[in-house]
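Below: one structure, written as structure tokens.
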Amino acid sequence: MIVSKAYAAPSATKPLQPHRLERRDPRPDDIVIEIAYCGICHSDIHTARGEWGPTIYPCVPGHEIVGKVVAVGKKVRRFKPGDLAGVGCMVDSCGTCKPCRAREEQFCQGHLAFTYNSMESDGKTPTQGGYSTHIVVREKYAFRIRKGVPLARVAPLLCAGITTYSPLKRYKVGRGHRVGVVGLGGLGHMAVKLAKAMGAHVTVFSTSPGKKRDAERLGADAFVISTKAANFEPLAGTLDFIIDTVSANHDFTPYLNSLKTDATMVLVGASPEPNQLLAMPLLLGRRRLAGSLIGGTRETQEMLDYCFRKKIYCDIELIPATKINEAYERTIRGDVKYRFVIDASSF
Ligand code: NAP
Ligand code: ZN
């Protein structure tokens, strides 16, 4: 048993507090990671507060994990002690269904274990995430991190990075495409960086006028305040693709109207409440509204290697564990530049 210091949500309504976790001893295909940093994703907040449905308490959130491998099981081939490793949103899946064989394990039809608030394959041990000092994980769900990269700024790539990279690749965003990014938070700021790296012209839609300068610094070509209907008028029918990262209920209509004929808006933001959807903007222009969920293990390693090659990292605010609850409040207020990352040495 490996004892890990952690922070956990004791219930939907109580702040996160110090917690002691027991991690399993490594099995033959497991690695043990001493966590260095873990990002705070808005999904952690939705889950800690039970906003998406029942949460298993106490819940240790965190699925943007990076650290150092300190032990490996007998059958581990890809890692050795001293290597850097990352863990994202999944820690296990059935491995045999069609999506698993295609390495799109996020759509596993058997047993999928998310990094927290899921059950391990034994069906009775709740998974616990990266707001902790150690994690034990099958090597298949761990990713190789290059030495010499700014590790704290790499952590959020494990969720914010892959969740935006995957749809940009799937919809073949490239040179000259006009892309809209809705919401400039953790996911949104990565969408801007990645879409720019892929050659797109990027328009940010934000409810926060104060983020204009940051949007430009991040590479955006245009910045639109989304709270004023008139601001959308010049954009009607002009965008090839939109990625919507908003964490709360909002009206899709002005965004859909901004798409060209046959163009797609992909939702990655996961509002706990139903969003408004008027059919007409989809009908006019035969537009498409789609969703996307993180990315599989193959694509996650591909995304990391792409970011290392292009030196694309997250803009972060590094915090000690004692600031987690404050960071949650600030994230909800949209006051995050642009990802909180916990220094795991502070647990
Ligand atoms: P975040 O850092 O809080 O960013 C969300 C941004 O949305 C905010 O910064 C704000 O940007 C905008 N926003 C917030 N409330 C809004 C409202 N009421 N109306 C309009 N805009 C609003 O969150 P995140 O970590 O990027 O996550 C975003 C969402 O994606 C969450 O729902 C999360 O659970 C989900 N998610 C999904 C996946 C997936 O696989 N699909 C993976 C990770 C996260 P402005 O200030 O610029 O308006
Ligand atoms: Zn996440």
Going by the conditions given, is Pro81 away from ligand 1 (no atom under 16 Å from the Cβ) and either free of Cβ contacts under 8 Å to residues at least 24 places away in the same chain or within 30 Å of Lys337 (Cβ to Cβ) (or both)? yes
Exactly one condition in (1) more than 16 Å from ligand 2 (Cβ to nearest atom); (2) closer than 25 Å to Glu51 by Cβ; (3) among the small types (Gly, Ala, Ser) is not met by Gly237; state its number. (2)
Scanning for something within 24 Å of the chain's Cα centre (by Cα) and either of a type in the set (A, V, I, L, M, F, W, C) or surrounded by 14 or more Cβ atoms within 10 Å (Cβ to Cβ) (or both), does the stretch 271-282 turn up at least one residue? yes
Among (1) assigned to a strand (DSSP E or B); (2) surrounded by 21 or more Cβ atoms within 10 Å (Cβ to Cβ); (3) out of contact with any Leu (no Cβ under 6 Å at 6 or more places or on another chain), Phe143 falls short only on (3)
Go through the stretch 95-109 and report how many residues are free of Cβ contacts under 8 Å to residues at least 40 places away in the same chain and loosely packed, with under 13 Cβ neighbours inside 10 Å. 4
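Taking the stretch 197-218 on its own, how many of its residues are of a type in the set (Gly, Ala, Ser), crowded, with 17+ Cβ neighbours inside 10 Å, more than 14 Å from ligand 1 (Cβ to nearest atom) and not in a helix (DSSP H, G or I)? Explain how you work it out, then say what you get.
From the stretch 197-218, those of a type in the set (Gly, Ala, Ser) are 197, 199-200, 206, 208, 210, 215; that's our starting set.
Going one step further and asking which of them are crowded, with 17+ Cβ neighbours inside 10 Å, we end up with 197, 200, 206, 208, 215.
Right, trim to more than 14 Å from ligand 1 (Cβ to nearest atom) and you get 197, 200.
Checking which are not in a helix (DSSP H, G or I) leaves us with 200.
So the answer is 1.
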Take Val336 and decide whether it is assigned to a loop (DSSP other than H, G, I, E, B), within 16 Å of ligand 2 (Cβ to nearest atom), surrounded by 20 or more Cβ atoms within 10 Å (Cβ to Cβ) and not hydroxyl-bearing (Ser, Thr, Tyr). yes
When you go through Asp92, Asp44 one by one, which is the residue that is in contact (Cβ under 8 Å) with a residue 12 or more places away in the chain, of a type in the set (D, E, K, R) and within 15 Å of ligand 1 (Cβ to nearest atom)? Asp44
Within the stretch 305-323, the count of residues that are crowded, with 16+ Cβ neighbours inside 10 Å, more than 15 Å from ligand 2 (Cβ to nearest atom) and either within 24 Å of Tyr141 (Cα to Cα) or hydrophobic (A, V, I, L, M, F, W, C) (or both) comes to 7
Does Arg287 count as within 16 Å of ligand 2 (Cβ to nearest atom), modelled with pLDDT of 95 or more and touching an Asp or Glu at 6+ places or on another chain (Cβ under 8 Å)? no
Selection over the stretch 122-168 where residues are modelled with pLDDT of 95 or more, farther than 18 Å from Ile33 by Cα and small (Gly, Ala, Ser) yields a count of 3
Can you name the residue in the stretch 215-245 that is touching a strand residue (DSSP E or B) at 6+ places or on another chain (Cβ under 9 Å) and of a type in the set (D, E, K, R) and is also nearest to Tyr165 (Cα to Cα) among such residues? Asp244
So Arg288, is it surrounded by 13 or more Cβ atoms within 10 Å (Cβ to Cβ) and either within 15 Å of ligand 1 (Cβ to nearest atom) or touching a residue at least 24 places away in the same chain (Cβ under 8 Å) (or both): yes
Kindly indicate which of Asp92, Asp83 is acidic (Asp, Glu) and more than 18 Å from the chain's Cα centre (by Cα). Asp83
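Among what's in the stretch 147-188 and is away from ligand 2 (no atom under 15 Å from the Cβ) and within 24 Å of Phe114 (Cα to Cα), pick the residue that is surrounded by the fewest Cβ atoms within 10 Å (Cβ to Cβ).
Pass one, the stretch 147-188, residues away from ligand 2 (no atom under 15 Å from the Cβ): 147-153, 168-182, 184.
Then keep just the ones that are within 24 Å of Phe114 (Cα to Cα); that gives 151-153, 168-170.
On the way: Leu151: 19, Ala152: 22, Arg153: 20, Leu168: 24, Lys169: 17, Arg170: 14.
My answer is Arg170.
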I'd like to check something: does the stretch 300-312 contain any residue that is in a loop (DSSP other than H, G, I, E, B), outside the structural domain of Ser11 (by TED's automatic domain parsing) and within 12 Å of ligand 1 (Cβ to nearest atom)? no
What about Val70, is it surrounded by fewer than 21 Cβ atoms within 10 Å (Cβ to Cβ) and more than 15 Å from the chain's Cα centre (by Cα)? yes
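Picking from Tyr328, Tyr313, which residue would you name as being aromatic (Phe, Trp, Tyr) and out of contact with any strand residue (DSSP E or B) (no Cβ under 9 Å at 6 or more places or on another chain)? Show your work before the answer.
On the way: Tyr328 fails: out of contact with any strand residue (DSSP E or B) (no Cβ under 9 Å at 6 or more places or on another chain).
Exactly one residue qualifies, and that residue is Tyr313.
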Restrict the check to the stretch 19-34 and report whether at least one residue is closer than 21 Å to Ile294 by Cβ and assigned by TED's automatic domain parsing to the domain that holds Tyr141. yes
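The values are calculated or read from the model by the stated rules, or taken from the named source; none is laboratory data. Bear in mind that the values here come from a model prediction, so they are computed numbers and not experimental data. Neighbour counts run over all protein chains shown; Cβ positions are idealised from the backbone, glycine included.
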